[in-house]
Amino acid sequence: MREIMRLHLLLLAACLLSAPAFGEDRQFKNGEAVTIQPDKAYLMARTFEVKGKALSGTLRIMPILVRVLNEDELQQAEKARQDDPKEWKDKLESNITEMLAAEPYAQANGEVTLVTAVKPGTYVLAAVAYKGWALVETGLMNTSLCMGTVKFEAKAGTLTDLGEILVAFDDAPTTIPELANVVAGKSTPAPYTFAVAIRPAGANTTIPASLDSLPRVNADYRAMPAFPNFAGAMLSRLAPVPDVLDYDKDGEVVDLKLSPLSAEAKADASQTDAIPPGNQ
Amino acid sequence: MVVKQGIAILVACCLNATFAGAQTIVVKVLERPDPTTVTVPDMAFKPGRSDLRGFDDYFYFHKSGVSYERAFTDMDQCRIQSEMAQLAPPIPRFIPLGGEPAKEPGFHVPVYSQYGVAGAIIGEIFIEAATEDLTAATGRKCMAYKGYHRYGTTRAIYKQIDSGTDGEKLARKAVIASGPPPQAEALEP
């Protein structure tokens with residue numbers, strides 16, 4: 001039955017979706033030269049192809065990043081929405097970065113390296129989309145990480161390495177260590193969603209030789225509390241990230257860099273009636 | 001539910017359904033009623049075979065030690081998150097992170113689609129049913145993250161719980177969630 005669902009999703013996407021990358025983002029393809037511009041930030045992420053079922057073929061994963069808005073931008077957005085509730089988003093500068101899986105910087109053995117130039121700022125790993133053979137130019141939203149995820153700074157003139165973005169279908173067991181205890185591993189009422197994890201860049205992370213000489217930092221991930229499901233996809237949350245992100249027994253995000261307590265200790269201290277972020 | 005969603009999406013595709021033509025709607029936080037004004041039905045029942053089959057649709061949540069106020073807030077947040085979920089959403093071009101929760105228009109079949117008014121009506125029925133299932137599934141996942149357990153009930157009891165305004169429904173569910181622990185075993189999230 002899930003194969004039917006997937007086929008329908010792909011058919012639908014082929015019917016409805018044909019949007020290119022948003023805003024002024026630029027995707028670097030096929031190892032092309034990356035010349036650092038001082039007013040741009042550069043992001044690099046590695047994803048892995050996921051084997052679909054039946055006719056869906058191989059799926060490529062697209063991290064969806066959201067640039068955090070400043071107060072002026074938020075007010076501008078609110079005014080635009082009130083003025084034109086239908087078309088307001090088209091009148092604003094996009095703050096979404098979709099790292100396009102169809103245009104990889106490098107690919108080998110199922111690993112896909114994505115490099116994208118973006119506006120500098122604080123970015124949230126907000127969702128994951130995917131691309132299959134039927135999706136001509138863009139991807140299809142799959143999983144919203146609105147119940148907890150990470151954010152990072154993308155500084156101008158610097159290549160920020162996001163490490164590896166790992167996904168597995170929630171309804172099947174996986175051998176990915178970060179997700180093995182996260183996936184439901186069996187049929188769920190939320191079909192066809194991914195469980196998502198990150199493996200931050202470290203000393204053993206391989207860098208394409210052509211990017212090795214660029215000014216580069218590993219993403220300094222911070223925990224991001226829950227936020228409204230603006231992505232509109234099935235909700236989920238990023239798997240815990242050692243020393244960065246965890247969850248207490250009430251599902252609240254624990255910022256392990258801010259408060260390196262265990263999740264259990266944090267849970268004991270958080271029995272309040274405070275309204276969770278996003279509902280305030 | 002998977003089949004229903006698949007059919008709805010295929011119907012949407014065939015009828016040239018779009019996301020355009022409707023406006024963004026802010027999803028407001030519900031006002032919390034005084035729990036002393038909330039009445040809940042007797043939750044005791046002896047499950048029959050038909051009841052067991054209905055537990056995907058007729059259920060309630062419970063969490064040991066949670067207050068009514070916290071349960072109401074948790075459920076309201078999950079309601080908002082669920083209402084914002086869509087069938088096969090496109091990648092948005094702008095997200096007002098930090099702003100008010102707002103839901104986007106879902107699939108909409110033009111009344112005068114290529115299959116006429118009847119086609120549009122049938123399409124809307126499929127889409128609405130699948131969207132309801134998606135909303136329920138999203139809500140269940142959200143509540144599981146927040147540490148709530150799910151318990152089955154009968155259609156008759158559920159209809160009593162799920163009656164009245166949105167605030168009254170949520171208040172009743174929050175009273176139950178923060179009340180005496182159920183005797184039954186918890187279901188899968």
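Quick note: the coordinates plus some simple rules give every number you see, no bench work behind them. All figures in this text were calculated on a predicted structure; none of them were measured in a lab. Because the Cβ atoms are built from the backbone with ideal geometry, glycine has one as well, and the counts that use them run over all protein chains shown.
Approximating the spin labels as points 7 Å out from Cα along Cα→Cβ, the A:Ala33-to-A:Asp84 distance works out to 4.0 nm.
Counting Cβ atoms of other protein chains within 10 Å of each Cβ in B:136-144 and taking the mean gives 5. When each of the peptides B:90-101, B:73-84 is scored by how many other beta carbons lie within 10 Å of its residues on average, the order from highest to lowest is B:73-84, B:90-101. Each Lys or Arg adds one and each Asp or Glu takes one away; over the other residues whose Cβ falls under 13 Å from the Cβ of B:Lys28, this sums to -2.
Cut-off under 15 Å on the C-alpha distance; same-chain residues fewer than 8 positions from A:Lys119 excluded. Which aspartates and glutamates are left, in chain and number order? Answer for A:Lys119, where 15 Å is the Cα cut-off: A:Glu24, A:Asp25, A:Asp39, A:Glu73, A:Glu93, A:Glu98, A:Glu153, listed by chain and number. Counting only other chain Cβ atoms within 10 Å of each residue's Cβ, the peptide B:57-67 averages 1.
Segment B:Lys46..B:Ser64, full-extension length gain: 4.2 nm, with 0.36 nm per residue of separation and the alpha-carbon distance subtracted. Available extension along the chain between B:Lys159 and B:Asp57 is 35.6 nm, counting 0.36 nm per residue and deducting the alpha carbon span. When the Cα positions of A:Thr206, A:Thr143, A:Ile165 are compared along the charge dipole of the range A:133-212, A:Thr143 comes out farthest toward the positive end, with charges on each C-beta of Lys, Arg, Asp and Glu. Each label point was placed 7 Å from the Cα along the Cα-to-Cβ direction; for B:Glu188 and A:Glu111 their separation is 3.5 nm.
Among the residues of A:141-149, the average count of other protein chain beta-carbon atoms within 10 Å of the residue beta-carbon is 3.
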